[in-house]
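Right, one structure below, let's go through it.
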Amino acid sequence: MANIETLTARVERLRATAEKSTSPLAIAEAELAAAQEAETARQNERSKAYDSRVFDNRHEVAENARNSADEPRERFARLIAEQPWFQAWADMRAARYRAWDTSVEAQNAAVHTGADYMSVATVNVGEADLLGELVRLADERARTIATAEADQRRAERDAFITGTD
């Protein structure tokens, strides 16, 4: 029986020691959990405040964003207009509009003079697609290059066939 009493006392001492060492861990874990909850709540409040400010200022911010493109667009237009290829493109388009305007003037003159305005040719300006035109020009140039290369190969073949070694 003495052995059981000794072992029981020993278990009680170890239990007390274990409680002393686990108690700070449990307290620290509880403090950490509370701090994390508090931080989450703080961040949620800040998120709501930020989103509320964004919502309240949405019209002003959107207008500022739209206006922020004005200066870069003007700069882009100025820089692109300085390019010779762009000037040539604009001249080509101007010719189309010039033809249209001339046609409309002639029709108006016919109406005012009592002439048959249907006798004036109607010019259809149509849409000028810069990217499409670039692709068309690139294709023309590519075909010229490929044809020249094919002609060179044929010339080399013909020279080989007719040549003597």
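The values are calculated or read from the model by the stated rules, or taken from the named source; none is laboratory data. Everything numeric in this text was worked out from a predicted model, so none of it was measured. Reconstructed Cβ throughout: ideal geometry from the backbone, glycine too, with neighbour counts over all protein chains shown. Areas reflect the complete protein model, heavy atoms only, side chains present, ligands, DNA and RNA absent. Shrake-Rupley method; radii C 1.70, N 1.55, O 1.52, S 1.80 Å.
Per residue, how much accessible area does the chain have with a 1.4 Å probe, in Å²?
85 Å²
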Rounded percent of accessible protein surface that carbon and sulfur make up, the range 108-165, 1.4 Å probe: 57 percent
Charge dipole (the range 32-165, unit charges on Cβ, about Cα centre) - positive-most of HIS59, PRO72, VAL111: HIS59
Magnitude of the charge dipole, the chain, Cβ model with Lys/Arg +1 and Asp/Glu -1, debye to 20: 460 debye
Potential lengthening between GLU156 and ASP56 on full extension [0.36 nm per residue; Cα-Cα distance subtracted]: 28.5 nm
By accessible area with a 1.4 Å probe, ligands and nucleic acids excluded, highest first: order of LYS20, LYS48: LYS20, LYS48
Helix 130-162 axis, angle to the chain major axis (alpha carbon atoms, nearest 10°): 70 degrees
Rounded tilt (10° steps) of 84-113 against the dominant C-alpha axis of the chain: 60 degrees
Helix axis angle, 2-56 relative to the chain longest principal axis, alpha carbon, degrees: 30 degrees
Computed P(r) (all Cα pairs; the chain; 10 Å bins; percent): 7, 10, 11, 11, 12, 10, 9, 8, 7, 6, 5, 3, 1, 0
Volume per residue that the Cα convex hull of the range 63-153 spans, once the total is divided by residue count, Å³: 192 Å³
Solvent exposure, largest accessible area first (probe 1.4 Å, DNA, RNA and ligands not counted), of LEU130, LEU137: LEU137, LEU130
R0 of 45 Å, Cβ-Cβ distance ARG143-THR113: FRET efficiency to nearest 0.05: 0.35
